[in-house]
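> Below you will find the structure I want to go over with you.
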Amino acid sequence: MTRLKTLAALLLLVVSATAEDAAEEGVPYAARRERLRARIESGLALVPGAPAAEPFRQDNDFWYLTGLEWPGVVLALTEDGAWLFTPDGTEPAPPGFDGVLAMDMLDVTLGRYAADGLWLPGGRSEFYSTWNRPGERREFGDPFGPSKRRLEWISESRKRVEGEKVRALEPKLTELRQVKDRSEIECLRRACRVTGESLVEAIRSVKPGMKEREFQDGLERGYLERGARWLAFPSIVGSGRNGTMVHYTENSAEFDRNELVVVDTGAEIGMYAADITRTFPVNGKFTQRQREVYEAVLAAQDAAIAALKPGVTLGEVDAIARQVLKDRGFTQRMPHLTSHWVGLQVHDVGDYAARLKPGMVVTVEPGIYLEDEEIGVRIEDVLVVTGDGAESLTSWIPRGADEIERLTGADLK
Ligand code: GLY
Ligand code: MN
Ligand code: MN
């Protein structure tokens, strides 16, 4: 009996410890709303969710602040609390919210609070990361409807109050979103895991004569099998000369056995984007020249990664990578920056002049593009800035030239 009691007490302990851990590990949506509210001091902040659509993906800002999948909802933050405006206003308020109101009550709320300022976000929150599904064909940077509708909603809302009372919420939201919390880093880690595993599997399956599209289909099947609903952006699979085009998404050519292939890809998991690039030789063996180019990009990437730490800017990191390429004799233009922010979207919001802080997440992706020689090389990894450097979320994916050769199965082809 006593032993049973002890066991029961132990079990209880385990259960309560688990519940506490779960609360601790939970996503701090309410804390994010509080922090945003503290930044806007007074007035009313409105953040529109994505409109109802099939398939539906929530707006990034709205998701960041609520974690709600509800379509067609507006979040309102005032000094009195957090409210949700839904089409008919009948849903019970989720935990942490002060109420749910019908959309046609929004004007009353505007009348009551907007005299002290109406804070509205910009139109770009959903840029890139939405509406690309595994297996579907899209161009990188397609214009898409939902963001346009968000802009229309914002301009309609502006008309409801006098111009001078409208304030920009975007910089405040960007400041928050630029530094990722633990739950976000976990989502990014998972997105990188799913992307990396699928990429490794796809590279192992490469054969000369395979089509870029076939490779893409296999890769994206891997994402679906691992639970991704969305791509972070359309997959780039460029062989030979196509690998010298930075945002090549046609993916229509056949792999030639002597070519390099650049694959730049990311699954989206839990709303967060991965963005990984690997370059490999189709026949599993770099030529001397291909290896020379590859090693230069790798050295540039290593130098840039070593420079990542709090206080540094992405401009400084970029200059370091470019200098390495130049020192190795590659003086042509690299037509993109070495790094960008990553988060709820692949090119995440963030101030490019900011000094790095722990919790910021960036890519490091130098490249060399030699059109005349039909050699394109880019290597891209995702890193989280830590207290004294950076942690790579993708360093486990083969990256060195020998490792890449082993991955493609040099001795089998
Ligand atoms: N995949 C696009 C980029 O690397 O920026
Ligand atoms: Mn990138
Ligand atoms: Mn990329």
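Readers should treat all values here as calculations from the given coordinates under stated rules, not as data from a laboratory. Just so you know, these numbers come straight off a predicted model, no measurement behind them. Cβ placement follows ideal geometry from the backbone for every residue including glycine, while neighbour counts extend to all protein chains displayed.
> Would you be so kind as to identify which of GLY311, VAL261, GLY350 lies farthest towards the positive end of the dipole of segment 212-355, taking Lys and Arg as +1 and Asp and Glu as -1 on Cβ and the Cα centre as origin?
Of GLY311, VAL261, GLY350, it is GLY311.
> While we're looking at this one, here's another question. If each of ASP181 and VAL200 carries a label point 7 Å out from its Cα toward its Cβ, how far apart are those two points in nm?
Each label point is offset 7 Å from its Cα along the Cβ direction, giving 3.1 nm.
> Follow-up question, since we're still on this one. Residues of segment 232-252 with backbone nitrogen within less than 16 Å of a virtual label 7 Å along the Cα-to-Cβ line of ARG137, please, listed as ranges.
The answer is 234-238, 248-252.
> Counting alpha carbon pairs within less than 8 Å and at least 6 residues apart, what relative contact order, in whole percent, applies to the chain?
On the way: 836 pairs, mean separation 58.3, N = 413.
It rounds to 14 percent for the chain.
> Give me ASP302, ASP80 ranked fewest to most by other Cβ atoms within 10 Å of their Cβ, as a rough exposure proxy.
Ascending number of Cβ neighbours within 10 Å: ASP80, ASP302.
> With each pseudo-label sitting 7 Å past Cα toward Cβ, what's the ARG257-GLU373 distance in nm, one decimal?
Using points 7 Å along Cα→Cβ, the separation is 2.3 nm.
> For every helix of n ≥ 4 consecutive DSSP H residues, a contribution of -39,500 (n - 2.57) applies; sum these over the chain, divide by its total residues, and give [θ] at 222 nm rounded to the nearest 500 deg cm²/dmol. Let's see the in-between values first.
Details: 11 runs with 153 residues, N = 413.
After summing the helix terms and dividing by residue count, I get -12000 deg cm²/dmol.
> Here is a follow-up. Calculate, axis by axis, the spread of Cα positions in segment 218-352 along the three principal axes, and write the results as whole Å, longest axis first.
Taking the Cα atoms of segment 218-352, the three principal extents are 42, 39, 20 Å.
> Given N residues in the chain, what is Rg(Cα) / (2.2 N^0.38 Å)?
In units of the 2.2 N^0.38 Å rule of thumb, it is 1.10.
> Determine the shape class of segment 162-278: with a ≥ b ≥ c the square roots of the Cα gyration tensor eigenvalues, call it rounded for a/c under 1.5, and otherwise prolate if a/b is greater than b/c, oblate otherwise.
Details: a/c = 3.12, a/b = 1.91, b/c = 1.63.
Prolate, because a/c is 1.5 or more and a/b exceeds b/c.
> Using a 10 angstrom Cβ neighbour count of at most 12 plus a DSSP loop assignment to flag exposed chymotrypsin sites (Phe, Trp or Tyr not before Pro), which longest range of the chain is free of such sites?
Result for the longest clean stretch: 1-351.
> Where Rh is the Kirkwood radius over the Cα pairs of segment 369-413, the temperature 4 °C and the viscosity 1.567 mPa s, what D in µm²/s does Stokes-Einstein return? All intermediate terms of the calculation are to be shown ahead of the outcome.
On the way: Rh = 13.1 Å.
Stokes-Einstein gives a translational diffusion coefficient of 99 µm²/s.
> Given the pairs LYS148/LYS172; LYS165/LYS357; LYS172/LYS309; LYS148/LYS357; LYS180/LYS309, which are separated by over 25 angstrom at their Cα positions? Each step should come with its number before you reach the end.
Details: LYS148/LYS172 22 Å; LYS165/LYS357 33 Å; LYS172/LYS309 23 Å; LYS148/LYS357 32 Å; LYS180/LYS309 15 Å.
Too far apart for the 25 Å limit: LYS165/LYS357; LYS148/LYS357.
> If contacts are Cα pairs under 8 angstrom and at least 6 residues apart, what is the relative contact order of segment 223-368 in percent?
The value is 21 percent.
> Dividing the alpha-carbon radius of gyration of segment 243-314 by 2.2 N^0.38 Å (N being the number of residues), what value is obtained?
Scaled against compact globular proteins, the figure is 1.37.
> Just tell me which aspartates and glutamates come within less than 18 Å, Cα to Cα, of LYS207; anything on the same chain fewer than 8 places away is out.
Correct list for LYS207: ASP217, GLU220, GLU254, ASP256, GLU259, GLU403, GLU405, ASP411.
> Please list, by residue number, every one of the GluC sites (Glu not before Pro) in segment 207-268 that is coil in DSSP and has at most 16 other beta-carbon atoms within 10 Å.
When the GluC sites (Glu not before Pro) of segment 207-268 are filtered for loop state and at most 16 Cβ neighbours within 10 Å, GLU250 remain.
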